[in-house]
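The values are calculated or read from the model by the stated rules, or taken from the named source; none is laboratory data. Predicted, not measured: the structure shown is a model, and the values here were computed from it. Heads up, the Cβs are rebuilt from the backbone with ideal geometry, glycines too, and the neighbour counts pull from every protein chain shown. Side chains included, ligands, DNA and RNA excluded: accessible areas come from the protein's heavy atoms. Shrake-Rupley method; radii C 1.70, N 1.55, O 1.52, S 1.80 Å.
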Amino acid sequence: MEEKTYTWRDLINYGLLGSVVTLYFGMIGMLELFDERILITPFLSLGDVLLFSGVIGIVFFAVNKFASSLNEAFKVGAVVGAVSAIFPIVLSFIATSELIAEQFVIRDVFVSVTDRLVEIYNFGLEPIVGSLVLIVAFAIVGVLTALFIKTDPKIERPLLMGIVLTLGIGLFSENVTQILGNLPAGIGRSISRLLFTNKALTIVSALIIFLLTAGITYWRMRRPTTGESRGFNFSFEDISNRGLNRAQMIQLAIVAVVLLLLPWMVGSFLSQVLFNVGLFILMGLGLNIVVGYAGLLDLGYVAFFAFGAYTMGILTTATSLNPGLGLNFWTALPFAILIAVMFGIILGVPVLNMRGDYLAIVTLGFGEIIRILALSDWLAPVMGGAQGVLKIAKPVFFGVEMGSPETMYYMVLAGSLLVGFVAIRLRDSRLGRQWMAMREDEDVAEAMGINLVQTKLMAFAIGAAFSGLAGAIFSARVNNIFPHSFNLLISINALSLIIVGGIGSIPGVIIGALVLVGLPELLREFSEYRLLMYGILLIVMMLVRPEGFIPAEIYKRELRADEETETEIEAQVTSS
Amino acid sequence: MAMLEVNDIHTYYGNIHALKGISITVEEGEIVTLIGANGAGKTTTLRTISGLLKPRQGNVTLWGEDIVQYAAHEVVFQGVAMVPEGRGVFAKLSVKENLEMGAYSRKAGSGIRQDMDRMFALFPRLEERIGQLAGTLSGGEQQMVATARALMARPKLLLMDEPSMGLAPILVDGIFDTIKEINQEGTTVLLVEQNALMALSIANRGYVLQTGEVVISDSAENLKVNETVQKAYLGID
Ligand SMILES: Nc1ncnc2c1ncn2[C@@H]1O[C@H](COP(=O)(O)OP(=O)(O)O)[C@@H](O)[C@H]1O
Ligand SMILES: [Mg+2]
């Protein structure tokens, strides 16, 4: 392996970068707000985690870039960590110095530089002592991060799982309490009283959770891993060829029961969150066909969501404002999907000859045009203009009116299962292979006998169908829809979640939706910083794991193949 | 009736008049070669025959049936397969998947297994590399994949665009041997080459293209001793 060289300057540069990040989180008020959420009483808040996250991140990159041995990692971690403390220290001196305060007050310019922020940077100590503590703390965190990166994955994985789960439970203590509260006979309430004080974990409970998680993970990793028993791993071929083995059957049964009981276990608020996640899973699966399978970058995907929603609305609304037909949900549903498919094809035809960026720009335009048309006075007699469509019918299922988050959850669950099944079958079908060939090379695919027009339009149509279904369910849930609900952000969200999850991967869509749709809903109190965190996540993902959380087989191979060719080239270069 | 007749085709790229009235005939069982310098219009001719480009004037008939009316993917169903210039393998698919893709135009399942075995008999290298990604193969191996993939469609007529391009001389011999073998097994071949000497050594007849026109057409033997050809393409003074 090639020796990694670096100079002191490199380390200092990285440290300064970490310092900028740490300063930035403070100057925009994020640290102070996050500090109010206590994870583990009395000493660890979300703000502390954020304070150290800049250092952890930057040390991660620095160690991967520069350090090949453990000693080096130690040094890199310590130096980068310590240097990261510089700007916050400078800031707290500026903010506390009487001399400077006479000249100008920093708060006049940067409103978020409060006494509280300085206190966070100084751990509530005197400026000089506090600064030293910050340097030492950052250096220690840097070293720990470096050591962590260099340890054996056998130890790293359990530790990571333990930390993530403990902090997660601390962060979502309210949601956990609520879920536990729904357990029968008050068992849950006693458990949550044991776990939490003042909505945060106690030191003891945090330790127990950490040790349990780490221990279980370690134990599971030590077990001999035969391909079958490992994790949750179903392939369609396996099931149709061999049937399910016992362990898989049990796993599947547990998952089914949990999915069915979920809304009653988690309560109304979390059911609504799950509903939103489910909607985006539906859309993500559809967009995944267009982008992941067929390789067509579509940024106007929200249009089909809107078509589904508006068709459902117009056909079922009970007001006289819109010329509603007063149909019921189930009669209107096929029309909603059909209209979406129809427009999928209509909007697909003009872009048949476009590729890549051009396609992206034009579809982006289409998405906006549809929203503006819905808003226009011209179509107001049908679509309601800015007033939207009101009083959309709720689905009635065997005499039960569905409208609550809990019941509508079942709607998206059923939709997601159906659509997921269709997506899997499509991927392995003849059409799936046509898409794959087309994505790889349009000319060669055509020379191979593949009808590009038909293949592309099929992708647009099926993608639109899934999105239309999501739209129809959405409008039945919210009962009133307005043009501004169908903005560009929905397309971007759907695209981001399949990228983060892993392009072309079905489990990836689920994970992506949970992370990009579910988490922000749970962290509403920090919604001010939602887009910032979103952006950071996307950038970090692209740097660290560009293939997504759960990459599809073909994209994984692609990345591996690139590495292979690179090493081959290296080998050739060194041998010659 | 000739198998393939290209009658006076004019093909354009926008305003660029790339083919200015090309006429070619290929009889069943032959190897016919198109030679000519870079930019002469060889690739354009093949792409017009395979339906990827439409001529503005003239027609292409296969067994007397006009195939200009067909889209590229339909031409494949008429029994014409192409090995594109620069090979054009599906880089991210395995060798096996590439070959399966080639059988795409056929009814599913009918003899694909046997055909694949035939390809492995023709190209033993590919069997060793069956699971490897086509993009990671060497140039010669990629050429094999592209050729085998085209043959998987069981074409009557195989169009090959510069199969020797970019290959080491030692591999070029092998490629031409294979083309002869394919031909002997009953596939008619229309071969585009810049390596005129090699092409003429296996072909029955040849056409020389120059700036979108056929300037000479003759039997391979005659072309080899033709003065113009020798000067321009065989490097003999
Ligand atoms: N995609 C294209 N767009 C515009 N002009 C092209 C294109 N491809 C080829 N040409 C032009 O058409 C002519 C014939 O090209 P081509 O058939 O590729 O030649 P050959 O295969 O004999 O080298 C050349 O003048 C070339 O510049
Ligand atoms: Mg060419």
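Would you list, by chain and number, the lysines whose Cα falls below 29 Å from the Cα of B:Lys92, excluding same-chain residues fewer than 8 positions away?
Within the straight-line cut-off, B:Lys92 pairs with A:Lys65, A:Lys456, A:Lys556, B:Lys42, B:Lys107, B:Lys156.
Compute the accessible area per residue over chain A, keeping the other protein chains in place, probe 1.4 Å, unit Å².
For chain A, the per-residue accessible area is 50 Å².
How large a share of the accessible area of chain A, in percent, is made up of carbon and sulfur atoms when the probe is 1.4 Å and the other protein chains stay in place?
Whole-percent figure for carbon plus sulfur exposure: 68.
Could you give me the percent of Cα pairs per 10 Å distance bin for segment A:153-223, shortest bin first, beginning at zero and ending with the bin that holds the maximum distance?
In whole percents, the pair-distance histogram is 22, 43, 27, 8, 0.
Using the eigenvalues of the Cα gyration tensor, what equivalent ellipsoid semi-axes result for segment A:12-71 when each is taken as the square root of five times the eigenvalue, whole Å, largest first? Don't skip to the answer; put the middle values down first.
Values: eigenvalues 135, 44, 7 Å².
Each semi-axis is the square root of five times an eigenvalue, giving 26, 15, 6 Å.
If you count only protein heavy atoms and use a 1.4 Å probe, how large is the accessible surface of B:Val189, to the nearest 10 Å²?
B:Val189 exposes around 0 Å² with every protein chain in place.
Can you give the local net charge around B:Met3? Use residues other than it whose beta-carbon is closer than 9 angstrom to its beta-carbon, Lys and Arg +1, Asp and Glu -1. Could the numbers behind the result be given before it?
Values: positive: B:Lys156; negative: B:Glu5, B:Glu27, B:Glu28, B:Glu30.
Local net charge: -3.
Among the DSSP beta bridges whose two residues both lie in the protein assembly as shown, what percent are antiparallel, rounded to the nearest 5?
60
Per DSSP H run of at least 4 residues, take -39500 (n - 2.57); add these up for the protein assembly as shown, divide by its residues and hand me the 222 nm value, nearest 500 deg cm²/dmol.
-19500 deg cm²/dmol
How do the peptides A:141-148, B:9-16, B:134-141 rank, highest first, by the average count of neighbouring beta carbon atoms within 10 Å per residue?
In descending order of packing, they fall as A:141-148, B:134-141, B:9-16.
What's the average, rounded to a whole number, of partner chain beta-carbon atoms within 10 Å of each residue's beta-carbon in B:147-159?
Average per residue, whole number: 1.
Work out the mean other chain Cβ neighbour count within 10 Å for the residues of B:27-36 and drop it here as an integer.
0
Just the ratio, please: alpha-carbon radius of gyration of the protein assembly as shown over 2.2 N^0.38 Å, N its number of residues.
1.17
Of all GluC sites (Glu not before Pro) in segment B:47-91, which ones are in loop regions per DSSP and have a Cβ with at most 15 other Cβ atoms within 10 Å?
Nothing satisfies the criteria.
Averaged over A:445-458, how many beta carbons belonging to a partner chain fall within 10 Å of each residue's beta carbon?
On the way: counts 6, 9, 19, 18, 15, 6, 4, 3, 2, 1, 1, 0, 0, 0.
Per residue, the number of nearby Cβ atoms from other chains is 6 on average.
Run through the DSSP bridge list for chain B and note the antiparallel percent, rounded to the nearest 5.
Roughly 55 percent of the beta bridges in chain B run antiparallel, per DSSP.
Give me the mean projected area, in nm² to one decimal, of the convex hull enclosing the Cα positions of segment A:267-561. Before the final figure, lay out the partial values.
Numbers: hull surface 62.9 nm².
Reported value for the Cα convex hull: 15.7 nm².
If the viscosity is 1.306 mPa s and the temperature 10 °C, what Stokes-Einstein diffusion coefficient in µm²/s follows for segment B:83-237 when Rh is the Kirkwood radius over Cα pairs?
The estimated diffusion coefficient comes to 96 µm²/s.
What does the buried accessible surface come to for B and A, summed over both chains, with the probe at 1.4 Å? Round to 100 Å².
Buried: approximately 2200 Å² between A and B.
Work out which residues of segment B:54-100 lose at minimum 20 square angstrom of accessible surface when the other protein chains are put back, relative to the chain isolated, with a 1.4 angstrom probe, and list them by number.
Hits at the 20 Å² cut-off: B:Ala72, B:His73, B:Val76, B:Met82, B:Gly88, B:Phe90, B:Lys92, B:Leu93, B:Glu97, B:Glu100.
Ranked from the most accessible area to the least, with a 1.4 Å probe and all protein chains present, what is the order of A:Val258, B:Val68, A:Val59?
Listed by decreasing accessible area, they come as A:Val258, B:Val68, A:Val59.
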